[in-house]
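For reference, the structure is listed below as C-alpha cells.
The values are calculated or read from the model by the stated rules, or taken from the named source; none is laboratory data. Computed from a predicted model, the values in this text were never measured in an experiment. Every residue, glycine among them, receives a Cβ derived from its backbone with ideal geometry; neighbour counts consider all protein chains shown. Side chains included, ligands, DNA and RNA excluded: accessible areas come from the protein's heavy atoms. Shrake-Rupley method; radii C 1.70, N 1.55, O 1.52, S 1.80 Å.
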Amino acid sequence: MTLSDPAGAPATPRLSDIAAQAQVSEATVSRVMNGKAGVAAGTRRRVLAALDVLGYERPVRLRRRSAGLVGLVIPELTNPIFPAFAQIIEQSLAGHGYTPVLCTQMPGGATEDELVEQLEERDVTGIVFLSGLHADTGADPSRYARLAARGVPYVLINGYNEHIDAPFVSPDDGAAARMAVRHLAELGHERIGLAVGPARYVPSRRKAEGFAAALGESFGLSRGQAERRVRHTLFSVEGGHAAAATLLDDGCTGIVCGSDLMALGVVRAARQRGLAVPADLSVVGFDDSQLIAFTDPPLTTVRQPVQAMATAAVGALIEEIHERAAGRREPPRRTEFVFQPELVVRGSTGAVRA
C-alpha cells in the first residue's frame with residue numbers, strides 16, 4: 001500500500017517515522033534510502049521492513065531483483081501448522097533473495113506431481129516439500145529421483161524416506177510421544193492411549209514406536225500390549241473423535257494425539273460422553289499451532305520447532321542450489337536434520353482421579 005496525501009499523490013517517507021519503526025538513526029535510514037554502502041545487511045532489512053509496515057512504497061532503486069523462484073508444496077491449509085511453516089519458509093526465502101511460489105494441495109485439486117510439473121514450467125530454482133508424498137511409505141519415491149535428474153534441487157520436511165537421496169528436516173516424533181506419555185504417567189495415569197494418523201505415514205509410525213517404548217519404560221508393557229493402545233485414524237478433528245470413542249471404551253484416562261486438531265476431536269468426544277477435561281480425561285496434542293493456547297481448556301501439547309525447522313530447510317535448499325550452480329553432478333547426500341520438540345503444559349492435563 002502507498003500512503004497518499006488528500007490530493008491522491010504518494011506521500012513522501014518521513015525519515016523520523018522510518019527511523020523510529022526500524023529503531024535506527026535517521027542518518028542510517030538516509031543511507032539506506034539513497035542506496036549508499038556502509039550499512040549492515042540486517043540493518044538494511046529492518047529499514048526496508050519499516051517502509052513496508054508503515055505503508056510506504058519502496059523507491060525503485062531499493063527493489064531487489066529476485067534470485068529466482070522457489071516452490072513450496074504443502075497440504076491443505078485447514079491445519080494451522082501448515083500456514084505457520086509456510087510463513088516462516090517464505091520469509092526465510094525472501095531474506096535470501098528468492099521469490100516463494102506457494103502451491104497448496106486440496107481434496108479434488110491438483111496432485112503433488114501436477115503441482116511440481118507447473119513449478120517446473122515456471123523454471124523454479126528449487127522446491128520445498130512439506131508433509132508430502134515422501135512421508136507416505138506407500139507412495140513411489142522414484143518421482144523425487146526423476147526430479148533430481150532434471151536438475152531441480154529440493155528439500156523435504158516431515159517424513160524421512162531412506163529411498164530418497166535428499167536433505168530431510170524432521171521433528172523427533174518418537175521423543176514427542178515419549179515426553180507426552182511420561183508427563184501423563186507423572187500425573188498418575190496408567191491407562192494411556194495414542195490417537196495418531198494412518199500407519200503408512202512415517203511421522204505416525206515414529207510416534208507409535210516412541211509411544212510403545214514409553215509404555216514399556218513406565219509400566220513394563222510389551223510392544224504388543226502397547227500397540228493395542230494405538231488407534232490409527234485421520235489427522236483431523238473427526239479422526240481424533242473416532243479414536244477417542246474406542247480408547248475411552250478401553251478405560252483410558254489419558255490420550256496422546258498426533259496433532260492438535262486430533263486432540264480437539266478427543267476433547268469433543270469426551271464432552272459428548274459427559275466427561276470433563278482434565279478432571280476425567282487428560283489430553284495431549286502435538287504441533288502447538290498459534291491459537292491452541294486459547295482453546296477451552298488450553299491444550300497441553302508437544303511443540304513442533306517450526307521456526308528452527310523451516311529455517312534449516314531453507315538453508316539446506318540454498319546450499320543445494322549453490323552446489324548445483326557450481327557444477328556438482330552427483331546426487332545430493334541423504335541427510336536428516338532432527339529437531340527436538342518441547343512439552344508445553346497447559347490446562348488439558350491433570351492428575352488422575354482417585
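Observations, loosely collected:
- Counting only protein chain heavy atoms and rolling a 1.4 Å probe, the accessible areas of 98, 201 rank, largest first, as 201, 98.
- Take every pair of alpha-carbon atoms less than 8 Å apart whose residues are at least six positions apart; their mean separation over the length of segment 93-237 yields a relative contact order of 18 percent.
- Taking label positions 7 Å along the Cα-Cβ direction at both residue 142 and residue 338, the computed distance is 3.0 nm, reported to one decimal.
- Accessible surface of segment 126-186, 1.4 Å probe, proportion on carbon and sulfur as whole %: 45 percent
- On the beta carbon distance between residue 102 and residue 182, with R0 = 45 Å, the FRET formula returns roughly 0.75.
- Length gained on full extension, residue 227 to residue 41, computed as 0.36 nm times the residue gap minus the Cα-Cα distance: 61.7 nm.
- Sorting 140, 280, 173, 123 on solvent-accessible area from highest to lowest, probe radius 1.4 Å, gives 123, 140, 280, 173.
- Among the protein heavy atoms, those of residue 190 account for about 120 Å² of accessible surface (1.4 Å probe, every chain in place).
- Maximal additional length on extending the residue 271-residue 250 stretch stands at 5.9 nm, based on 0.36 nm per residue less the C-alpha distance.
- The trypsin sites (Lys or Arg not before Pro) of segment 136-176 meeting both criteria, a DSSP state outside H, G, I, E and B (loop) and at most 10 other C-beta atoms within 10 angstrom of the site's C-beta, are 150.
- Springs between Cα atoms under 10 Å define the GNM used for the chain, and in it the highest mean-square fluctuation of 284, 230, 53 occurs at 53.
- Max mean-square fluctuation residue, GNM over the chain, Cα-Cα springs under 10 Å, options 316, 269, 279: 279
- Residues considered: 312, 22, 214. Largest GNM mean-square fluctuation over the chain, using C-alpha springs under 10 Å, is found at 22.
- In this structure segment 113-231 gives 40 Å² per residue of accessible area when probed at 1.4 Å with all protein chains present.
- Here the spin labels are modelled as points 7 Å beyond Cα on the Cα-Cβ line, and at residue 294 and residue 353 they lie 3.1 nm apart.
- Counted residue by residue at 0.36 nm each, then reduced by the alpha carbon distance between them, the extension gain from residue 14 to residue 58 reaches 14.6 nm.
- Accessible surface of segment 259-354 [probe 1.4 Å, protein heavy atoms]: carbon and sulfur percent: 55 percent
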